[in-house]
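Data block below; observations after.
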């Protein structure tokens, strides 16, 4: 009897609820964005309403308008390439709401992250401990490597055998327990396997770097059990006309000098972009003398184009990175070792927005990396340079995320990711036989937004396989990762967060 009454009530109330939603009056947000100091209008700035996944561009006078928004509370983000983002909270009622924003060339307290969920969200609304480092802060560090750029951030240290090989250590986790990405995809290096190697990531070309501290296996797999460092390089949004940036730096202690520059040019629905740069450092000098063989050299370039129709986009790009650095030695050492690294990378990214069905948007990215490192030894007494070892790592990886339409208070993302690699190492210091690895994973991350408290829960299933040459048997591992969390807002910019995570990590090569 009770079940029949419940069914009758649902059959009556559900159509009324749908009708009420359908009759809900939509609203809009409009305003202007200016650059400080000076007050010049910010042309071609990207304005994003995070919760509604809607965006717009500012015009020549810095004005913007975003329409068709249901009443509610939203986080609005203003973004301009290589300028720290600014985020404001706005309550939208019926009718129009006005919001003016200011972009400044200084780090701001409120920031945005895309690494924790795969979609933009305010750092203060994240369930994971995450730190965002802007391009301005990165440039102030004069970094030779990603490790030097992030050293000193909360919970982050540096592992290095010289400035050229610095790699982040997150809460004591290092190596293949910390995953370094660019735009959510693997770089293809072997720096997680060897302390001598460097991550081929040009810090000065990035808009920002996001650091997730703690297990991030739900979206990124076994190698992220200690944390993730994700370099964000573009906004994937079209703008008309020409824009660009240039960065230079120098230092006297190690005769450091370098710079980076880039441009974007939008014509019709096409966007052309490129950047490049280089840097060099000589041996460091200390109170005890010169640190021999601590020099580093590096150069890189990237170019590509994109097509931006009304409800989507697609980009193709190519990048090249080449580096050389020495391994510091004792003052009385007569033999020196140095490494040459190079990487070719080919990438395709695409996305869909403002769809009308159950899936309201998504993005897809695939990258192929061809990485090679050679280790040489210079014998000064014989004036001979010998090749000691060589390793190549050919890596193909992809990621696909789909955002389903908000159903009441429930929103979320589901998708799949995977990679293959062909690792070959020869020489006296070869760490492993030739090995082919393949990995595939599927995941789902959901969020339930209530008025006073938010909940997040997710699940991931992952498979990893290894096929080594020689008298070694093939290995295969399948595991599950899951998480559940609660977030209770306490005041503006402050909240109480509790998380439980079960993380799976397969053995690494």
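The values are calculated or read from the model by the stated rules, or taken from the named source; none is laboratory data. This one's a predicted model, so the numbers in the text were calculated from it and none came from an experiment. When we count neighbours, we look across all protein chains shown, and the Cβ atoms used for this are built from the backbone with ideal geometry, even at glycine.
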* **Among (1) in contact with a strand residue (DSSP E or B) (Cβ under 8 Å, 6 or more places away or on another chain); (2) in contact (Cβ under 8 Å) with a residue 60 or more places away in the chain, the one test that residue 193 misses** => (1)
* Considering every residue within the range 471-483, establish whether at least one is surrounded by fewer than 16 Cβ atoms within 10 Å (Cβ to Cβ) and under 24 Å from the mean Cα position of the chain (by Cα). => yes
* **Options 400, 441, 432: the member that is in the same structural domain as residue 221 (by TED's automatic domain parsing) and within 17 Å of residue 223 (Cα to Cα)** => 441
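Any residue at all in the range 448-459 that's closer than 28 Å to residue 345 by Cα and touching a strand residue (DSSP E or B) at 6+ places or on another chain (Cβ under 8 Å)?
Within the range 448-459 (the criterion being closer than 28 Å to residue 345 by Cα and touching a strand residue (DSSP E or B) at 6+ places or on another chain (Cβ under 8 Å)), the answer is no, since none of the residues qualifies.
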* Asked: For residue 224, which of the numbered conditions (1) without any contact (Cβ under 8 Å) to a residue 60 or more places away in the chain; (2) surrounded by fewer than 21 Cβ atoms within 10 Å (Cβ to Cβ); (3) touching a helix residue (DSSP H, G or I) at 6+ places or on another chain (Cβ under 6 Å) fails to hold?
  -> (2)
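Would you mind stating whether residue 339 is in the same structural domain as residue 431 (by TED's automatic domain parsing), farther than 22 Å from residue 440 by Cα, in a strand (DSSP E or B) and in contact with a helix residue (DSSP H, G or I) (Cβ under 9 Å, 6 or more places away or on another chain)?
yes
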* Check on residue 346, within 15 Å of residue 198 (Cα to Cα), under 26 Å from the mean Cα position of the chain (by Cα) and part of a strand (DSSP E or B) -> no
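Which one is modelled with the highest pLDDT among residues in the range 19-54 that are farther than 21 Å from residue 406 by Cα and loosely packed, with under 14 Cβ neighbours inside 10 Å?
40
Conditions (1) assigned to a strand (DSSP E or B); (2) out of contact with any helix residue (DSSP H, G or I) (no Cβ under 7 Å at 6 or more places or on another chain), marked per residue:
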| site | (1), (2) |
| --- | --- |
| 169 | yes, yes |
| 179 | yes, no |
| 192 | no, no |
| 210 | yes, yes |
| 219 | no, yes |
| 236 | no, yes |
| 244 | yes, yes |
* Asked: So which of 259, 299, 250, 276 is within 20 Å of the chain's Cα centre (by Cα) and either surrounded by fewer than 21 Cβ atoms within 10 Å (Cβ to Cβ) or part of a loop (DSSP other than H, G, I, E, B) (or both)?
  -> 276
* Consider residue 421 carefully, then state whether it is assigned by TED's automatic domain parsing to the domain that holds residue 460, surrounded by 15 or more Cβ atoms within 10 Å (Cβ to Cβ) and touching a strand residue (DSSP E or B) at 6+ places or on another chain (Cβ under 9 Å). => yes
* Can you tell me which residues in the range 467-509 are at pLDDT 90 or above, within 19 Å of residue 439 (Cα to Cα) and touching a helix residue (DSSP H, G or I) at 6+ places or on another chain (Cβ under 7 Å)? -> 481
* Structure fact -> From the option list 413, 435, single residue qualifying as farther than 30 Å from residue 391 by Cβ and in contact (Cβ under 8 Å) with a residue 60 or more places away in the chain is 413
* **Hey, residue 162 touching a residue at least 60 places away in the same chain (Cβ under 8 Å), closer than 21 Å to residue 343 by Cα, surrounded by 20 or more Cβ atoms within 10 Å (Cβ to Cβ) and not assigned by TED's automatic domain parsing to the domain that holds residue 329 or not** => yes
* Just to be sure, is residue 441 under 20 Å from residue 463 (Cα atoms) and buried (at least 16 other Cβ atoms within 10 Å of the Cβ)? -> yes
